[in-house]
Each structure stands twice: as structure tokens, then as C-alpha cells.
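**Q** This is the structure I have questions about; it appears just below.
The values are calculated or read from the model by the stated rules, or taken from the named source; none is laboratory data. The structure displayed is predicted, hence computed values, not measured ones. Every residue, glycine among them, receives a Cβ derived from its backbone with ideal geometry; neighbour counts consider all protein chains shown.
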Amino acid sequence: MYLKRILYFSRKLIYSSKQISTMSTFTSRTNIVTGNNDWVFVDDDNFDYQQELARSAFADMLHDHERNIQYEKAIIKTINTLSKTIDRIHVLDIGTGTGLLSMMAARALNSSCSSRITACEVFQPMAKIAKKCIERNGFNDRIRVIDKRSTELDLNRDLEGDRINMIVAEVFDTELIGEGALRTFSEACKHLTIDKDNLRIIPARAIIYIQLVESSFLQEFHTLKNLLNEEKRIQIPLDCRNLAGDTIFDLNVNEIKDNIRPLSKPIPIFDFDFKSINDKNNFTEEKIFKNISCETDGQIDAFIMWWNLDMDEDGEIQLGTIPIWCYDDPEKAKHIQWREHWIHGIYYPQQSKQIKAKEEIDLYCFHDEYSLYFDVGSSPFPSRSFTPAFLSRSAMAGFNNDKRRNKYIEGLKKSFSNSSINRCLYIGDGLLLPLLVLEMYPHIELIIFQSSNIHLVQTLKAILENSSNQCNYRFISSLDKDTIDFQNLDMILSEPFFTKSILPWDNLHFYYLLQQQQQHSNIKLFPQKARIRCIALEFDNLHKIRSPVHQCCQFDLTPFDQQILGASLNVDAMIEPQSLFEYSSKKPTLSPIIDLIEIDFQKNYQDKIEKNHFDIPITADGICNGIAFWIDYQLEENLWLTTGIENENDSWVNYSKQGVHLLLKPLKIKSGMKLSINAGFNFQQGQFLFDILS
Ligand code: SAH
């Protein structure tokens with residue numbers, strides 16, 4: 001079973017999570033009516049599998065010009081060197097994808113040297129695409145594709161005993177080792193290759209770097225901060241603060257560089273020689289660097305991680321993910337390759353630490369087979385157990401974001417001042433709103449129904465138990481009339497937020513929970529309404545993850561495009577979750593914000609399908625390559641809380657993902673034109689509906 005990377009053919013988890021074995025695949029869909037994740041079995045050829053492929057960001061890697069060029073340079077150089085000393089080269093391309101690196105090797109191998117190329121690919125639909133691309137480019141008699149994981153290859157059965165003397169592999173993710181690169185190289189060297197001295201691996205080596213940084217912006221995604229109320233009856237205990245766990249937070253730091261203050265120089269932490277991977281202790285390694293110092297005073301809030309590859313044996317050809325501010329040459333930094341498939345890793349210390357310039361501290365570094373961990377302080381470091389994530393990074397930011405918090409405070413003040421409220425029901429997985437209500441209104445009785453996440457129930461209980469005992473609350477585990485009497489309620493509150501939500505409107509599960517209650521119609525609701533909004537955009541880069549590849553390094557990869565495009569055309573206009581604060585787009589925006597549908601939580605829309613035609617007025621010239629969608633909640637009259645933007649040229653909020661439709665065929669548009677769409681909501685199925693008409 002292949003578990004660690006949830007979607008191993010795309011860097012980020014796109015829309016649905018998935019567990020893959022070589023035999024079968026399950027994919028999960030959020031059902032907002034029931035609030036459950038439905039697991040669906042999918043196979044290679046069916047609809048859901050096509051959706052997965054369409055939603056993968058595989059193409060982004062093929063658009064990564066720098067990556068492709070550095071691989072090809074290293075392949076040519078290595079083949080030229082090897083062919084001077086040996087008369088037969090057997091290349092193994094591990095994780096061939098579209099067959100790209102094998103075809104580069106085939107092109108570089110001149111006919112004077114006898115050669116053989118074997119390509120392997122574990123993901124079956126991709127192996128089929130590789131065969132088609134290789135055939136399209138006329139290499140099918142020179143490259144053999146085996147649809148297996150490299151660690152399952154048998155020297156005699158699969159390679160006829162013909163040992164490998166050159167490996168090419170691009171099996172790296174943002175964290176370098178998260179796709180299992182350590183075992184991949186180690187096993188190949190152990191079972192399939194000739195002796196180390198004569199073996200060449202592309203890339204030859206890798207170094208992982210980190211930099212210690214101060215950033216309240218990054219802290220917002222990691223540590224729950226206390227409520228700001230002066231009374232502070234409710235305190236968040238230390239052990240309840242890091243609900244996003246120890247997993248990497250992957251982010252393109254170049255896009256948020258103004259929010260980061262580097263404190264130290266880049267520090268090389270781990271180096272890997274891919275010919276000699278140490279497989280002791282299950283590929284784990286621990287290092288403590290004594291006497292690390294920073295160059296300026298500050299607070300160590302986070303570690304930023306990146307890596308660099310020596311592509312060839314001499315380390316002449318380099319490829320890496322160095323952040324923009326670490327470039328020596330500002331000219332080079334201007335032409336930095338935008339990429340989505342390899343970005344940067346953010347890790348957090350157990351606690352932020354104040355330091356003075358030149359003060360000496362110890363740095364703890366650890367990796368297992370797939371992940372990295374860092375901490376800072378003084379040795380000995382307490383033994384750490386890996387903490388899993390119970391809340392997403394954006395949900396953590398949702399708890400901490402001051403603007404959002406202040407909106408709730410303002411909304412609560414208005415609601416509570418207008419009517420006499422004694423007993424409230426809170427529905428949802430958000431932690432902020434119940435804590436704010438109990439902090440601000442000690443006389444209130446709050447009944448808390450958290451539907452899905454037992455760990456969050458325990459956390460909320462722990463926070464409340466740790467606080468002064470004046471809070472009046474109780475938890476319930478169902479909304480049955482035996483458990484709760486709706487007639488005695490004065491108010492029902494929700495952020496609304498449910499941990500299973502993926503797209504913004506998945507939180508409308510709140511509406512469905514209300515509909516199950518007959519008697520809710522006279523009770524005050526908070527929020528009262530929701531509206532789904534959209535805007536037309538020209539992304540600077542994000543659209544590339546879906547654009548067709550056509551040619552890559554003069555190889556025709558249209559069989560790959562056809563498969564992705566075919567899959568995309570088979571599914572509805574696709575809206576995927578993205579944190580848009582990570583992706584720049586042209587300003588001014590191409591259109592104003594358009595309201596598509598309003599949902600009043602007091603109303604029952606029965607099983608209606610509400611779909612309307614909209615002409616989006618275009619207000620700037622440009623190329624429309626994306627439409628962003630989000631949801632706003634009306635907390636009180638004239639008080640809306642957004643999960644996207646309030647005004648056209650605002651920055652996107654960091655505490656919620658938005659929905660994005662990336663146009664397969666971007667539209668060249670001019671101010672004064674109109675973009676026609678249909679949009680609406682299918683209330684029976686809880687589905688947002690959307691089509692572009694022009
Ligand atoms: N080599 C291609 C694709 C790189 S993406 C290119 O450079 O464009 C990495 C691919 O490797 C994915 O398709 C993934 O499914 C595959 N993969 C990762 N580890 C593998 C392994 N150990 N054996 C076979 N395939 C692997």
C-alpha cells in the first residue's frame with residue numbers, strides 16, 4: 001500500500017484525498033447534505049479516475065522549463081562521459097511519467113554506443129500515457145516501459161539480468177524525500193545496478209537547507225493565540241495550541257516575501273549522495289547543530305526549507321528551490337522559475353524563541369523516510385512524537401486572524417444588544433465562535449454541537465476546563481429532540497465551519513442541519529444569510545497548472561494533453577480549492593465582484609434547483625484565465641464576513657481557501673465586453689452549479 005503522499009502524481013492535494021495501492025483506488029467526496037465524506041471506488045478508466053487525472057497538477061512540472069533543461073543537460077553530459085569509457089549503457093528511468101527523461105536519454109545516446117533504456121512507472125494511467133508519448137515520438141523500439149514501482153523490479157525477470165549503469169529519476173517533492181526518493185535510490189542501487197564507481201545517477205546528490213525566520217504571518221497558520229478580551233477568562237493551554245500538527249506547511253515563500261524576516265544565513269542540514277543512501281534505522285537521521293547563531297535580534301517563528309540538486313557527478317549543473325531573497329545575483333532573481341510542483345517547506349519550532357544577534361543556540365534536525373522536523377533551543381531536546389494535524393493551516397489562520405475575529409465580536413455585540421438571549425446552540429467545528437460567546441457573555445448557556453471531529457470536541461473541552469469555572473456550557477452529540485429542545489433556544493450560531501469541507505460552499509452543511517429541525521424558524525440565527533460571489537481574473541501563473549503542454553523540449557506530448565483534456569471535458573466545469581493569497585493576478589481585476597446566489601438560512605429551499613444566467617461586465621482589458629468563487633456570511637444587518645475579498649482589489653484572505661475555475665482556453669477580453677455564465681445551486685444535492693457560456 002502506497003500511503004505517505006496522498007496524491008503521488010500531484011504535488012498538492014487537489015480537491016479530494018486519495019489512497020492508492022497498485023490494485024485499487026478510493027477517492028473521497030464531501031457530501032454537504034450529510035456532512036460526510038463518501039468514499040468511492042475508482043478504477044483506471046472510469047469517470048472519477050478521469051476527474052482525478054484532470055485535477056492533478058502534473059502538467060505544471062512539464063511547464064517547468066528550468067527543470068527540463070537542467071535534466072537534459074545532465075543527461076547529455078553524463079552519457080558523453082560514460083560513452084568514452086564503456087561500450088554499453090543501460091539507462092533506468094525511475095518514474096517516467098510521460099517518458100520525458102527516457103526520450104532525452106534516447107536522443108543523447110549516439111548510435112556508436114550500444115544502449116538500452118528501461119522506464120518504469122508505478123501509476124498505471126501514467127504508464128499508459130508514457131507508452132503513447134514514446135510511440136508518438138518514434139522511440140518505441142528503444143525504450144521499454146514497465147508499469148511497476150522501481151522497488152518491485154526484478155533484475156532477472158524484468159531486466160534480463162542486464163545491470164543498470166545510469167539512473168535518471170525525478171521523484172522529488174517540495175520536501176525532497178516525500179515521494180519516497182530515499183528508498184527508491186537505495187533499493188535500485190542494492191538490487192539493479194553495477195558497482196558504485198561506474199554507476200551514474202542523475203541527480204547525483206542533494207542538499208537540504210533551512211533558514212531561521214521571524215514571521216507573525218507564518219505563526220498565524222500554526223499556533224492558536226489567546227482571545228484578545230481584557231478579562232481573558234479563557235486561556236488556551238499550551239498543549240492545545242498546535243492543532244495543525246508537525247506536518248510541513250508548503251507554500252511558495254517568494255509570493256509572501258514581505259511577510260518574512262530572515263534571521264540567519266541559509267544552513268545546510270542534510271546531504272544525500274543518491275548512490276550511498278544510508279538505510280539504517282528505516283532511513284532516519286538525527287543531527288544537532290551546536291552553536292548556531294543569527295545575524296540579527298528577533299523571534300524564531302519558523303524554519304524555511306528548500307533544497308538544491310547536483311545534477312551531474314561534478315556538481316556543475318544545479319537545480320533547486322532557493323527562495324528569491326537568497327539569490328546573490330539580483331538579475332537572476334528577476335527570472336526565477338515559477339513552479340507549483342516544488343515550492344518551499346515551512347516548519348515550526350515547539351515554541352517561538354526570542355534571540356539576540358550572535359547568541360548561540362542549538363538546532364535540532366531530524367528526518368524519517370518521508371518527512372523532516374526541526375526545532376531550536378538548547379540540548380538535550382526532549383524526545384518528540386509526531387503530532388498529526390487536526391485542523392488545516394487555513395483553519396488555524398481563521399482562528400487567529402484579527403479582522404475576522406473583530407467581525408465576529410462586532411456581530412455578537414449587535415446581536416446580543418438587540419434581543420434578550422439566554423440560551424444558544426452552537427453548531428460546527430470552529431473553535432473561535434463558541435469561545436468568544438462564552439468569553440463575552442458569561443451569563444449565557446451555550447450548548448455545543450460539534451458534528452464530526454472528536455478531537456476538536458476534546459480540545460474545546462480542554463480549553464474550557466482550563467478556564468475559570470464561570471462558563472455555562474454543555475456538549476451534545478446529536479440534534480435529536482430528546483437531546484435538545486429547540487423551543488427553549490434564543491439563538492443558533494455557527495461560523496460556519498466543518499473540518500470535512502473542501503470547497504467554500506461545503507460549509508453550507510449548516511443550512512442542511514437547520515433544515516432537519518422543524519422548529520428553527522423563530523430562532524435568531526448567526527449568520528443569517530450566505531451569498532456566493534465570483535470575479536473574473538488574469539492569474540500571473542496559477543493557470544499554468546492546467547494549460548496543455550503540446551511540445552516539451554521538442555518532444556510531442558499531445559497524448560498526455562489529450563488524456564488530461566479528455567478527462568477535463570468529461571467532468572463539469574471544474575472548481576478546485578486554492579488559497580488565492582498564494583497566487584498573484586493582474587490588478588485591476590477584469591470584472592467587479594458579482595453576486596451569484598443568496599441563501600437565507602431561515603428559508604427552506606425544498607429540493608429546488610436555482611440556476612440563473614449572468615453577464616459579467618468586463619472592466620479591464622486582459623486575458624481571462626480564471627474565475628474565483630467564494631462565500632460571504634451575513635452576521636448581522638449590513639455586517640458581512642468574507643471568505644474571499646470584500647473589494648475588487650483587496651488581498652485574498654488567508655483563512656479560507658477559495659474555489660477557482662481555470663479556463664482550459666483563456667479568453668482575450670476587452671473592457672466593455674461581457675462574460676456569460678450560468679450559476680446556481682442544486683439544493684437537493686447540495687451542489688454549486690456553474691458553466692461558462694462565452
Ligand atoms: N520523469 C517524469 C515524471 C516525474 S513525476 C518527468 O520528469 O517529467 C514522478 C513520477 O514518478 C510520477 O509519475 C510517479 O508516479 C512516479 N514514481 C515515483 N516513485 C516511483 C518509483 N519508485 N517507481 C516508479 N515510479 C515512481
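**Q** Just need a number here: residues in segment 487-542 that are closer than 18 Å to Cys424 by Cα and assigned to a helix (DSSP H, G or I).
**A** 12
**Q** Within segment 458-475, work out how many residues are surrounded by fewer than 17 Cβ atoms within 10 Å (Cβ to Cβ) and closer than 20 Å to His443 by Cβ.
**A** Kept after step one, since they are surrounded by fewer than 17 Cβ atoms within 10 Å (Cβ to Cβ), are these residues of segment 458-475: 458, 461-462, 465-466, 468-470, 472, 474-475.
Restricting the remaining residues to those that are closer than 20 Å to His443 by Cβ gives 465, 468-470, 472, 474-475.
Final tally of qualifying residues: 7.
**Q** Now, a different point. Given the residues Glu220, Glu187, Glu214, Glu160, which is the only one that is within 16 Å of the ligand (Cβ to nearest atom) and either touching a residue at least 24 places away in the same chain (Cβ under 8 Å) or surrounded by fewer than 19 Cβ atoms within 10 Å (Cβ to Cβ) (or both)?
**A** Values: Glu220 fails: within 16 Å of the ligand (Cβ to nearest atom); Glu214 fails: within 16 Å of the ligand (Cβ to nearest atom); Glu160 fails: within 16 Å of the ligand (Cβ to nearest atom).
Among Glu220, Glu187, Glu214, Glu160, only Glu187 is within 16 Å of the ligand (Cβ to nearest atom) and either touching a residue at least 24 places away in the same chain (Cβ under 8 Å) or surrounded by fewer than 19 Cβ atoms within 10 Å (Cβ to Cβ) (or both).
**Q** Given the residues Asp368, Asp402, which is the only one that is surrounded by fewer than 21 Cβ atoms within 10 Å (Cβ to Cβ) and over 25 Å from Ser467 (Cα atoms)? Can you show your working first?
**A** Details: Asp402 fails: over 25 Å from Ser467 (Cα atoms).
The unique qualifying residue is Asp368.
**Q** Would you please list the contacts, defined by Cβ atoms under 8 Å and residues six or more apart or on different chains, that run from a residue in segment 608-621 that is part of a strand (DSSP E or B) to a residue that is loosely packed, with under 15 Cβ neighbours inside 10 Å and aliphatic (A, V, I, L, M)?
**A** His613/Leu693
**Q** Going through Ile76, Ile69 one at a time, which residue ends up being within 15 Å of the ligand (Cβ to nearest atom), part of a helix (DSSP H, G or I), out of contact with any strand residue (DSSP E or B) (no Cβ under 6 Å at 6 or more places or on another chain) and β-branched (Val, Ile, Thr)? Give the derivation first.
**A** Details: Ile76 fails: within 15 Å of the ligand (Cβ to nearest atom).
Selected residue: Ile69, the only one of Ile76, Ile69 that is within 15 Å of the ligand (Cβ to nearest atom), part of a helix (DSSP H, G or I), out of contact with any strand residue (DSSP E or B) (no Cβ under 6 Å at 6 or more places or on another chain) and β-branched (Val, Ile, Thr).
**Q** Given the structure, is Lys280 surrounded by fewer than 18 Cβ atoms within 10 Å (Cβ to Cβ) and either over 20 Å from Ile177 (Cβ atoms) or of a type in the set (S, T, N, Q) (or both)? Before the answer, list the steps.
**A** Numbers: surrounded by fewer than 18 Cβ atoms within 10 Å (Cβ to Cβ): yes; either over 20 Å from Ile177 (Cβ atoms) or of a type in the set (S, T, N, Q) (or both): no.
No.
**Q** Let me ask you something else. For segment 135-154, how many residues are away from the ligand (no atom under 16 Å from the Cβ) and surrounded by 16 or more Cβ atoms within 10 Å (Cβ to Cβ)? Give the steps one after another, and end with the answer.
**A** The first filter runs over segment 135-154 and keeps only residues away from the ligand (no atom under 16 Å from the Cβ), leaving 135, 138, 140-142.
Checking the rest, the ones that are also surrounded by 16 or more Cβ atoms within 10 Å (Cβ to Cβ) come to 142.
Residues in segment 135-154 being away from the ligand (no atom under 16 Å from the Cβ) and surrounded by 16 or more Cβ atoms within 10 Å (Cβ to Cβ): 1 in total.
**Q** Moving to a separate point now. Any residue at all in segment 198-206 that's outside any strand (DSSP E or B) and surrounded by 23 or more Cβ atoms within 10 Å (Cβ to Cβ)?
**A** Residues of segment 198-206 outside any strand (DSSP E or B): 198-199, 203-204.
Checking the rest, the ones that are also surrounded by 23 or more Cβ atoms within 10 Å (Cβ to Cβ) come to 203.
Yes, there is a match, as at least one residue in segment 198-206 is outside any strand (DSSP E or B) and surrounded by 23 or more Cβ atoms within 10 Å (Cβ to Cβ).
**Q** Taking the condition of being aliphatic (A, V, I, L, M) and either touching a Gly at 6+ places or on another chain (Cβ under 8 Å) or part of a loop (DSSP other than H, G, I, E, B) (or both), how many residues in segment 321-378 meet it? Full working, then the answer.
**A** Let us first name the residues in segment 321-378 that are aliphatic (A, V, I, L, M), namely 322, 324, 333, 336, 343, 346, 355, 357, 361, 363, 372, 376.
When the remaining residues are screened for being either touching a Gly at 6+ places or on another chain (Cβ under 8 Å) or part of a loop (DSSP other than H, G, I, E, B) (or both), the result is 322, 336, 343, 355, 357, 361, 372.
Of the residues in segment 321-378, 7 are aliphatic (A, V, I, L, M) and either touching a Gly at 6+ places or on another chain (Cβ under 8 Å) or part of a loop (DSSP other than H, G, I, E, B) (or both).
Results for (1) under 33 Å from the mean Cα position of the chain (by Cα); (2) surrounded by 17 or more Cβ atoms within 10 Å (Cβ to Cβ); (3) within 15 Å of the ligand (Cβ to nearest atom); (4) in a strand (DSSP E or B), shown as yes or no for each residue.
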| site | (1), (2), (3), (4) |
| --- | --- |
| Asp93 | yes, yes, yes, yes |
| Ala119 | yes, yes, yes, yes |
| Met126 | yes, yes, yes, no |
| Cys133 | yes, yes, yes, no |
| Asn156 | no, no, no, no |
| Arg183 | yes, yes, yes, no |
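**Q** Which of the residues spanning segment 79-91 are more than 15 Å from the ligand (Cβ to nearest atom) and either at pLDDT 95 or above or of a type in the set (S, T, N, Q) (or both)?
**A** In the first step, residues of segment 79-91 are kept if they are more than 15 Å from the ligand (Cβ to nearest atom); the result is 79-90.
Listed by number, the residues that qualify are Ile79, Asn80, Thr81, Ser83, Thr85, Ile89, His90.
**Q** Shifting gears a bit: Can you say whether Ala397 is among the aliphatic types (A, V, I, L, M), assigned to a helix (DSSP H, G or I) and under 32 Å from the mean Cα position of the chain (by Cα), as far as the supplied structure shows?
**A** So Ala397 fits the description; yes.
**Q** Which residue pairs have Cβ atoms under 9 Å apart, sit 6 or more places apart or on different chains, and have a first residue in segment 632-652 that is within 11 Å of Arg533 (Cα to Cα) and a second that is among the acidic types (Asp, Glu) and assigned to a strand (DSSP E or B)?
**A** Here the result reads Asp632/Asp595; Thr642/Asp632; Thr643/Asp632; Gly644/Asp632; Glu646/Asp632, each pair linking segment 632-652 to a residue that is among the acidic types (Asp, Glu) and assigned to a strand (DSSP E or B).
**Q** Kindly provide the set of residues from segment 95-112 that are more than 20 Å from Ser150 (Cβ to Cβ) and within 40 Å of the chain's Cα centre (by Cα), ordered by number.
**A** Arg107, Ala108, Leu109, listed by residue number.
**Q** Suppose we keep only residues that are of a type in the set (A, V, I, L, M, F, W, C) and within 17 Å of Lys587 (Cα to Cα) within segment 636-666. Which one would you say is surrounded by the most Cβ atoms within 10 Å (Cβ to Cβ)? Break it down into steps so the answer makes sense when it comes.
**A** So in segment 636-666, the residues of a type in the set (A, V, I, L, M, F, W, C) come out as 639-641, 645, 652-653, 660, 662-664.
Pick out the ones that are also within 17 Å of Lys587 (Cα to Cα) and you get 645, 652-653.
Values: Ile645: 21, Trp652: 21, Val653: 24.
Applying the filter and picking the extreme gives Val653.
**Q** What are the residues in segment 406-448 that are assigned to a loop (DSSP other than H, G, I, E, B) and under 20 Å from Tyr511 (Cβ atoms), if any?
**A** Gly428, Asp429, Gly430, listed by residue number.
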